[in-house]
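The values are calculated or read from the model by the stated rules, or taken from the named source; none is laboratory data. Keep in mind it's a predicted model, so treat the numbers as computed, not measured. All Cβ positions, glycine included, derive from the backbone under ideal geometry; neighbour counts span all protein chains shown. For the accessible areas, the whole protein counts, side chains as well, though only heavy atoms, and no ligand, DNA or RNA atoms are used. Shrake-Rupley method; radii C 1.70, N 1.55, O 1.52, S 1.80 Å.
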Amino acid sequence: MKNLQFRNGDPIPILGLGTWKSSPGEVKQAVFWAIEAGYRHIDCAAAYGNEQEVGEGIADAIKAGLVKREDLFITSKLWNDSHRHEDVGPALEKSLKELGLDYLDLYLMHWPVAFKHGVGFARTREEFYTYKDVPLTQTWEAMQEQKELGKTKHIGVSNFNQAKLKELLKMKGEGPEMNQIEMHPFLPQEKLVEFCRDHEILLTAYSPLGTSDSRAERHKNDPKLLVNPVVQEIANRQGVSAGQVLIAWSIQRDVIVIPKSINQSRIKENFDSINVKLTEHDLMELKDIGISHRFLDGSLFAGDHSPYKKSDLFEM
């Protein structure tokens with residue numbers, strides 16, 4: 001497994017198992033199968049509502065002698081309702097308890113958006129905080145403290161654009177070490193990738209195969225990555241699956257990638273993407289794919305019901 005390195009030299013496996021939209025009753029087994037197949041990186045989040053089962057899968061793999069805790073890299077994320085300074089520590093402690101762990105390897109601020117405490121998904125203006133109420137710098141200061149306490153080895157963000165990253169980089173102490181963003185050939189994010197690399201911020205690509213919500217009404221007209229003719233042609237030439245092409249695309253860009261699956265054979269197939277080597281011609285075809293599309297458009301967090309704009313979330 002290829003590893004990337006944080007600023008201090010600590011390694012992070014370039015391929016991990018995503019657990020978003022992995023339902024209770026399914027994700028425990030998926031995590032075990034992933035570790036059995038060779039995965040050592042598991043990506044979690046409080047908002048996914050399945051961290052207890054993820055933890056059970058990890059515990060089963062350790063009990064079975066497949067790995068030790070120190071062999072694994074576990075990421076979790078701070079949800080939007082815990083951005084106040086006093087809420088960050090308890091939120092991290094809750095994730096640790098549900099996962100059955102003493103520490104995380106990486107803790108991320110999930111979105112640059114704040115809800116009032118206890119709100120799962122804000123649907124009215126009154127359920128949001130503004131940046132004036134809870135500045136990102138307040139949340140980041142608490143994230144820094146959690147690292148200093150040893151609750152997490154590394155800290156970072158998710159869904160941050162350059163402007164929001166710059167706010168945190170101006171602060172004293174540790175800057176973001178990771179930015180997890182939607183990334184695939186329809187959304188290569190080249191300017192944001194360049195900015196992060198210039199500031200020694202690693203990148204993780206989520207939704208690398210497209211959205212797992214593809215059957216939802218709001219996504220019915222989205223372009224489909226896995227059946228795109230360019231991706232399919234490359235897969236045929238390489239003798240691999242379309243999914244493996246898309247995962248290999250991120251790996252060859254030195255971007256961490258976290259495909260989600262609860263299917264044992266697909267988990268193994270995704271893992272085998274580490275052996276796929278795309279040619280320069282393949283990469284050029286993907287660069288010229290001719291489609292620009294963001295699957296997660298931020299409409300849940302930005303709009304008339306919210307104090308936030310999409311420009312608070314994404315590069316516009």
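For the reader, a short list of remarks on this structure follows.
- Accessible area per residue in Å² at 1.4 Å probe, computed on the stretch 1-141: 42 Å²
- Between GLU51, GLU126, GLU200, the Gaussian network model of the chain with springs among Cα atoms under 10 angstrom shows the greatest mean-square fluctuation at GLU126.
- The calculated FRET efficiency for VAL67 paired with GLU280, based on their beta-carbon distance and R0 = 41 Å, is about 0.70.
- Accessible surface of the chain, 1.4 Å probe: 48 percent of it comes from carbon and sulfur atoms.
- For the stretch 102-260, the spread of Cα positions along the three principal axes, ordered from largest to smallest, is 51, 36, 33 Å.
- Per-peptide average of other Cβ atoms within 10 Å, ordering 78-89, 281-292, 178-189 highest first: 178-189, 78-89, 281-292
- Kirkwood Rh and Cα Rg combined as Rg over Rh, evaluated for the chain: 0.94
- Restricting attention to the chain, close to 15% of DSSP beta bridges with both partner residues there are antiparallel.
- The stretch 255-307: C-alpha gyration tensor shape, a/c 1.5 cut-off, then a/b vs b/c: oblate
- Most positive-pole-ward Cα, VAL227, LEU187, SER273, against dipole of the stretch 165-274 from beta carbon charges: VAL227
- Cross-link pairs LYS97/LYS172; LYS28/LYS287; LYS153/LYS310; LYS63/LYS97; LYS220/LYS310 - those with Cα-Cα distance over 26 Å: LYS97/LYS172; LYS28/LYS287; LYS153/LYS310
- The stretch 8-47 - convex hull of alpha carbons, volume per residue in Å³: 80 Å³
- A crude spin-label estimate for the pair VAL227 and GLU93, with each label 7 Å from Cα along the Cβ direction, gives 5.0 nm.
- Highest-MSF residue in the chain out of THR19, THR124, THR75 [GNM, Cα springs under 10 Å]: THR124
- Per-residue ellipticity at 222 nm, computed for the chain from helices alone with -39500 (n - 2.57) per DSSP H run of at least four residues, works out to -10000 deg cm²/dmol.
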